[in-house]
Amino acid sequence: MDDIAKKHDEAPEAAALTRRGFLGMAASVTAAATAAVLPNVASGVTAVSDGRDVLEVAIIGAGLAGLTAARDLKRAGCESFVVLEARDRVGGRTLNHDLGNGYFSEAGGQWIGPGQTAIANLARELGVGTFLTHWEGDLVMLAGNARTTLANDGGFDTDPKLRRELEEMARSVPTAAPWTSPRAAEFDAMSLADWLATKHLTPEDQIGWALAAQLTTGTAPEKLSMLHYLSLINSADCNYRQLEAIKGGAQESRISGGSQILSIKMAEALGDKVRLSTPVLRIENWQNGPVTIHTAKGVVRARSLIVALSPSLCNQIAFDPPLPEKRREMQRRWPAYAPMRKTAHVYKKAFWRDKGLDGMLVQLKGPVQFAFDNSPEDVSFGVISAFVNNGVLPSDPKAAEAELSRIYAQAFGDEALHPVAYHEHDWGKADNWSLSCTSPMPPGFLTKYGDVLHPPIGRLIWAGTETAEIWITTMDGAIRSGHKAALQALQAAAGGKA
């Protein structure tokens with residue numbers, strides 16, 4: 001912990017991490033750590049290719065989806081592929097804050113739970129362990145100067161009858177294609193807030209249901225399609241608590257070493273097949289192939305191209321010929337309004353646990369959407385992480401750290417005024433390679449554009465968590481989409497239908 005405190009004192013500018021620009025010392029530390037773990041990953045200093053050789057498969061994106069696809073290709077005996085990554089690191093929407101001494105706090109996706117077998121299997125194959133998320137103790141709620149504590153059972157819902165009603169409706173909404181539900185038009189015409197408004201909930205219940213939905217999807221119930229939300233519950237075996245809860249739910253466990261370690265290990269095994277700092281600028285001849293991929297570092301040609309990107313990022317690439325009109329419109333209108341800003345306060349100890357508190361905090365009409373105990377498994381020190389509201393929290397990291405410390409002191413005690421380190425990551429402002437951490441579907445979107453999300457077009461194969469058949473928006477969904485994309489590419493190589 002002395003190393004952590006020293007790092008904080010000597011490099012306060014590290015708190016200014018603004019995601020993928022990797023500015024300041026925090027960026028240097030992360031990039032250096034990645035380079036140390038990935039000695040064989042190409043830096044992109046030299047040209048990718050002169051464009052004359054034709055690979056079997058090219059992959060855009062070195063997040064969980066793209067790297068899983070690449071790993072599957074290699075395991076199937078295919079060596080003719082390359083992974084092109086715009087950033088100077090791997091991991092996509094997973095990123096570790098290096099806390100020193102081998103400890104990490106997750107700046108992006110971090111949780112896994114029952115039913116998420118794809119990520120559990122991958123972690124096991126890579127020799128990466130998991131540990132339980134801490135939730136025991138009382139949750140704190142702040143409303144202005146008022147403070148109250150609530151018993152926590154590891155979940156957020158308070159009305160079993162309402163939960164069962166949601167689960168029953170979700171049975172008719174398949175995650176892979178919610179727009180095919182018999183009630184798709186009805187459900188997609190309303191928001192989750194519209195539906196909750198008919199249930200005459202108490203203010204306390206309204207807070208619980210809204211908080212759960214916002215933490216899962218990244219947006220308020222008013223902006224969330226009921227059809228989309230039901231499809232997420234369907235992912236969790238039509239079990240609301242399996243989707244939303246910590247105990248027995250999708251937030252039950254964390255990845256030892258931080259979630260980015262999965263991508264780091266996959267990329268390490270792939271070696272120079274992964275090309276960092278290589279943004280794709282233009283894609284030509286995608287209809288019949290070979291596909292010509294113009295990057296900032298050269299040209300690649302491949303018989304198939306796996307695009308492991310959020311649809312919103314596809315707008316940054318020029319396609320020649322243009323993509324079909326409906327696909328283009330879907331990408332232009334793709335919801336990218338849930339960027340997420342995530343913070344981490346590091347303390348010498350998890351002092352709140354000694355007070356019977358679980359480290360969770362809900363603040364009504366304040367900067368903190370939700371704070372939680374993100375301490376390491378051995379609890380050798382304490383970490384409070386939070387999803388915060390950008391509009392009501394200073395953009396300057398030092399000011400943000402001070403404001404959040406004051407709020408945590410109100411919630412957990414004056415010890416919170418003295419963090420030994422602070423980290424933050426704003427997924428919407430750090431660079432051009434994310435735009436949004438999650439993609440909550442607004443009313444009307446899925447029934448209009450959902451049918452063009454999955455199908456390959458020409459030699460293009462779409463991947464990314466948004467294209468998963470279950471557990472969309474999660475790390476598990478990203479991995480599942482990578483498996484599917486690799487299979488489609490292998491089928492295309494064998495002369496089958498992609």
| query | Over what distance in Å are the Cα centres of the stretch 369-386 and the stretch 414-472 separated? | reply | 23
| message | Stokes-Einstein diffusion coefficient for the chain at 25 °C in a medium of 0.890 mPa s, Rh from the Kirkwood formula over Cα pairs: what value in µm²/s? | response | 106
| message | I'd like the accessible area for T94, computed on protein heavy atoms only with a 1.4 Å probe and all protein chains in place. Round to 10 Å², please. | response | 0
| message | If you count only protein heavy atoms with a 1.4 Å probe, what accessible area per residue comes out for the chain, rounded to a whole Å²? | response | 38
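Determine the share of the chain's accessible area contributed by carbon and sulfur atoms, expressed in whole percent, with a 1.4 angstrom probe. If you can, show how the numbers build up before the last one.
Values: 9850 of 18900 Å².
So the carbon and sulfur contribution to the accessible surface is 52 percent.
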| said: Using amide H atoms built in the peptide plane, which far-off residues or other-chain residues are under 5 Å from V299 H to H? | reply: V48, S49, G51
| remark: Cross-link reach from K342 to lysines, straight Cα distance under 30 Å and at least 8 residues apart if same chain, gives K6, K7, K223, K247, K265, K355, K365, K398, K429
| query | Nearest 0.05, what FRET efficiency do L132 and A269 give at R0 = 35 Å with Cβ-Cβ as r? | reply | 0.80
| Whole-Hz couplings from phi, Karplus 6.51/-1.76/1.60, listed for the stretch 426-442; x for Gly and Pro | 9, 5, x, 10, 6, 6, 9, 9, 9, 6, 8, 6, 10, 10, x, 7, x
| Where a label projected 7 Å from the Cα of T180 along Cα→Cβ would reach, residues of the stretch 220-251 with amide N under 17 Å | 228, 231-232, 234-235
| request: List the residues whose amide H sits under 5 Å from the amide H of M190, counting only those 5 or more places along or on another chain, with H placed 1.01 Å from N in the peptide plane. | output: M226, L227
| task | Take the Cα atoms of the stretch 282-418, find their three principal axes, and give me the spread along each one in whole Å, biggest first. | result | 65, 34, 25
| message | Need the list of lysines near K484 for cross-linking: C-alpha distance under 18 angstrom, and skip anything on the same chain fewer than eight residues off. | response | K74, K497
| request: Evaluate the relative contact order of the chain (contact order divided by residue number), counting alpha-carbon pairs under 8 angstrom at least 6 apart; express in whole percent. | output: 26
| message | To check you understand DSSP bridge types, tell me what percent of the beta bridges within the chain (both residues inside) are antiparallel, rounded to 5. | response | 65
| task | For N96, enumerate residues with amide H under 5 Å from its amide H, sequence gap 5+ or separate chain, H modeled in the peptide plane. | result | A107, Q260
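The values are calculated or read from the model by the stated rules, or taken from the named source; none is laboratory data. Note that the structure is predicted; figures quoted are calculated from it, not measured. Glycine gets a Cβ as well: all are built from the backbone with ideal geometry, and neighbour counts include every protein chain shown. Remember, those area values only see protein heavy atoms, side chains included, never the ligands or the DNA or RNA. Shrake-Rupley method; radii C 1.70, N 1.55, O 1.52, S 1.80 Å.
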